[in-house]
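Below is one structure, written out as structure tokens, with a few remarks after it.
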Amino acid sequence: MCGIVGAVAARPVQNILIEGLRRLEYRGYDSAGIALYSDGQIKRCRRNGKVQSLADALAENPLVGTTGIAHTRWATHGVPHERNAHPHMSADILAVVHNGIIENFEVLKEGLQEKGYTFTSDTDTEVIAHLLAEHLKTEPCLQRAVAHIITQLEGAYALGVIHKDAPDQLVTARKGSPLVIGVGIGENFIASDQLALLPVTDRFMFLEEGDVAVLTPSDIQVYDANNNRVTRKVSQFAHGVSAAEKGEFKHYMLKEIYEQPAMIKACMEGRISGDRLLEQCFGANAADIFDQVKQVQIIACGTSFHAGIIAKYWIEAFVGIPCMIEVASEYRYRPVVIPPGTLFLTISQSGETADTLAALREVQSRVLASLVICNVPGSSLVRESDLCLMTNAGPEIGVASTKAFTTQLVALMLTTIALGRRNDLTAEVEAKIIRALKALPEQVEQALAMDKDIEEMAQSFAEKHHALFLGRGTLYPIAKEGALKLKEISYIHAESYPAGELKHGPLALVDKDMPVVAVAPQNDMLDKLKANLQEVKARGGQLFVFAGSDRVQSEDATHVLTMPDCDEIMQPVLYTIPLQLLSYHVAVLKGTDVDQPRNLAKSVTVE
């Protein structure tokens, strides 16, 4: 995901911008660039590759100026190359940096070419620069010109603009892509992430959708989507609650569980416009590849494997093409048949999972293309795959994956939409799914509000040695994930089964000492699941049910917590939350090492 940094100050800003880019390197990128107002003109330096290459070039030929913008790019339109690196310019009078995707750039580009503009890159961003230059011919105010041209942009954007005739101004705008204003003393800043600006300020202003802001060293003026002057709140960054610190939480795992609403939003930011997916977020040639996909082969391990099982349900339901899934450690050690048109989809939190990486390398030349869902930019799987979609979950310190898993599910649903467009997925269904995704963060917040009730429920597990988890349909993999979490951090032996399989063996294990956890949302499988739960109750089992309907009642031997309402499509994400909390509280009661459970590692980089 691209990164933006900008500054307007009374002091030289080159080094501030470069340090900001370094702090955004975790987002992943393929090129970097900077533009400054200097000696009456806009001067620019761009380099392919790492920020260090740009820093080296500037060490030899510094840019001296007090107003500037900088960018790290992840290719969507055009291959990684210096000509495609940001900032982009028009007639050497203005420079633009941009995160997001402009869907209608080709139409805009044709109109600008007819007016005589020459394009030197393959990007959608250069359209913004020339469009702005054209409008400035009749509207000399930079803020009003930006406000005008963004009404012509379809898609998602966060922008930073500087102009040679406004040497002490930095204009910014956002819609659908993250952007924050850093508030200083005698200087102000913009960035994609607060972390980029912490060396220079700890006060931040967050823009709303459609806002345009004008920054000078001494002032910040914000205009809403209707071009009305508005005030946005300034907040102070809480230094103690950083990505690498627990802050107010007792454990990293609990902190990361509570971060999930924000991380789910981050996974969608810049990838959705209205009720539509911007599929360029997968990579520059994603559309051509998706057009040729006939089936999907998913490879993953552990928690990522559970995410992949759910993706199989989704892909076959919404796309209507075959989807296979296999554990990487098995797939790589057997002869495999790969049908033509296979998209090889790997899922890995770290991007370094040894078996998954080996499987990719084994089949890379035999598949149509490879796509990775990952949380670590620059990792081996990201570098070696044809396409990637970053989950943007931020650093996950706890060994037991939480926010990485739920953001994987969001990313996999975005993948399902992209593939579905070529097959059975209508625009109406896509819009319904997008609305369900957008509703998730608030619903997850509501599920987190059940924490105290779940903590009380955990008391019933503290002295147990075994547990059984049940689910049906897309909730069966969630039952598997719940059992894995309990095993990982509390060391209680836990198994998971599709509820319909109870009578085929697992029912023999059920007694008063075996707690049985069931995920029972309101869907067309509920009646069948209720019948399965009666089988448990008849054998004296203790039931702990997370239900989406009052049709499941608390009574003797049945303990029910009612979940927030949720669209059936997104039930797997929502029903993950209480199982994470249950496992956490059981582990705390048992006194185990929650964040670093015995015998386990965060990234499995060996066989």
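The values are calculated or read from the model by the stated rules, or taken from the named source; none is laboratory data. Source: prediction; values computed, not measured. Every residue, glycine as well, gets a Cβ built from its backbone with ideal geometry; the counts of neighbours run over all protein chains shown.
Only one entry of Gly341, Gly302 meets the criterion of being over 19 Å from Ala411 (Cβ atoms) and of a type in the set (Gly, Ala, Ser), and that entry is Gly341.
Residues of region 7-32 that are touching a Leu at 6+ places or on another chain (Cβ under 8 Å), at pLDDT 95 or above, surrounded by fewer than 24 Cβ atoms within 10 Å (Cβ to Cβ) and of a type outside the set (S, T, N, Q): Ile18 alone. Of all residues in region 382-391, exactly one satisfies the criterion of being touching a residue at least 40 places away in the same chain (Cβ under 8 Å) and either assigned to a helix (DSSP H, G or I) or within 18 Å of Val327 (Cβ to Cβ) (or both), namely Val382. Note on region 437-469: residues that are surrounded by fewer than 19 Cβ atoms within 10 Å (Cβ to Cβ), in contact with an Asp or Glu (Cβ under 8 Å, 6 or more places away or on another chain) and modelled with pLDDT of 95 or more total 1. Kindly provide the set of residues from region 300-340 that are closer than 20 Å to Glu481 by Cα and out of contact with any strand residue (DSSP E or B) (no Cβ under 7 Å at 6 or more places or on another chain), ordered by number. Residues satisfying the conditions are Gly302, Thr303, His306, Ile310, Tyr313, Trp314, Val327, Ser329, Glu330. Considering (1) at pLDDT below 95; (2) hydroxyl-bearing (Ser, Thr, Tyr); (3) buried (at least 22 other Cβ atoms within 10 Å of the Cβ), the lone condition that Thr172 does not fulfil carries the number (1).
One residue stands out in region 392-417 among those that are under 14 Å from Arg271 (Cβ atoms) and more than 13 Å from the chain's Cα centre (by Cα): the one that is surrounded by the most Cβ atoms within 10 Å (Cβ to Cβ), namely Thr416. Starting from residues that are β-branched (Val, Ile, Thr) and at pLDDT 95 or above, keep the ones in region 241-275 and report whichever is farthest from the chain's Cα centre (by Cα). Among residues in region 241-275 that are β-branched (Val, Ile, Thr) and at pLDDT 95 or above, the one farthest from the chain's Cα centre (by Cα) is Ile257. Without any contact (Cβ under 8 Å) to a residue 24 or more places away in the chain and either surrounded by 22 or more Cβ atoms within 10 Å (Cβ to Cβ) or not in a helix (DSSP H, G or I) (or both): does that describe Glu488? No, not satisfied. Among the strands (runs of 3 or more DSSP E) confined to region 307-381, there are none with at least 1 residues that are under 23 Å from Cys267 (Cβ atoms), in contact with a Ser or Thr (Cβ under 7 Å, 6 or more places away or on another chain) and not assigned by TED's automatic domain parsing to the domain that holds Phe290.
Checking Gly78, Gly160, Gly68, Gly116 one by one, the residue that is assigned to a loop (DSSP other than H, G, I, E, B) and touching a residue at least 60 places away in the same chain (Cβ under 8 Å) is Gly78 and no other.
When region 202-233 is limited to residues that are aliphatic (A, V, I, L, M) and within 25 Å of the chain's Cα centre (by Cα), the one that is nearest to Thr172 (Cα to Cα) turns out to be Val212. Of all residues in region 432-449, those satisfying the criterion of being assigned to a helix (DSSP H, G or I) and either more than 23 Å from Cys323 (Cβ to Cβ) or not assigned by TED's automatic domain parsing to the domain that holds Cys267 (or both) are Arg435, Lys438, Ala439, Pro441, Glu442, Gln443, Val444, Glu445, Gln446, Ala447, Leu448.
Taking region 12-52 as the range and being assigned to a strand (DSSP E or B), in contact with a strand residue (DSSP E or B) (Cβ under 8 Å, 6 or more places away or on another chain) and not charged (D, E, K, R) as the test, the residues that pass are Ser31, Ala32, Gly33, Ile34, Ala35, Leu36, Tyr37, Ile42, Cys45, Asn48. Here Ala284 passes the criteria (1) closer than 22 Å to Gly341 by Cα; (2) of a type in the set (Gly, Ala, Ser); (3) surrounded by 21 or more Cβ atoms within 10 Å (Cβ to Cβ) except the one numbered (3).
Yes/no per residue for (1) within 19 Å of Asn375 (Cα to Cα); (2) in contact (Cβ under 8 Å) with a residue 40 or more places away in the chain:
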position: Ile289; (1), (2): no, yes
position: His306; (1), (2): yes, yes
position: Tyr331; (1), (2): no, no
position: Pro335; (1), (2): no, no
position: Pro339; (1), (2): no, yes
position: Thr342; (1), (2): no, yes
position: Ile347; (1), (2): yes, yes
position: Ser350; (1), (2): yes, yes
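Scanning region 157-179 for residues that are among the aliphatic types (A, V, I, L, M) and out of contact with any Asp or Glu (no Cβ under 8 Å at 6 or more places or on another chain) yields Ala158, Leu159, Val161, Ile162, Ala166, Leu170, Val171, Leu179. Of Val127, Val146, all but one fail to be crowded, with 24+ Cβ neighbours inside 10 Å, modelled with pLDDT of 95 or more, assigned by TED's automatic domain parsing to the domain that holds Ile69 and over 21 Å from Thr72 (Cα atoms); the exception is Val146. Of all residues in region 524-575, those being modelled with pLDDT of 75 or more and in a strand (DSSP E or B) number 11. The set of residues from region 491-508 being part of a strand (DSSP E or B), out of contact with any Phe, Trp or Tyr (no Cβ under 6 Å at 6 or more places or on another chain) and among the hydroxyl-bearing types (Ser, Thr, Tyr) comprises just one member, Tyr497. Being farther than 26 Å from Gly116 by Cα, over 29 Å from the mean Cα position of the chain (by Cα) and part of a helix (DSSP H, G or I) is not true of Ala55. Only one entry in Met413, Met390 is in contact with a Lys or Arg (Cβ under 8 Å, 6 or more places away or on another chain) and more than 27 Å from Gly591 (Cα to Cα), namely Met390. Of the residues making up region 308-329, just one is crowded, with 18+ Cβ neighbours inside 10 Å and free of Cβ contacts under 8 Å to residues at least 24 places away in the same chain, namely Lys312. The strands (runs of 3 or more DSSP E) falling completely within region 168-268 that include 1 or more residues that are closer than 30 Å to Cys388 by Cα and either in contact with a Gly (Cβ under 6 Å, 6 or more places away or on another chain) or not charged (D, E, K, R) (or both) map to 180-183, 187-191, 203-206.
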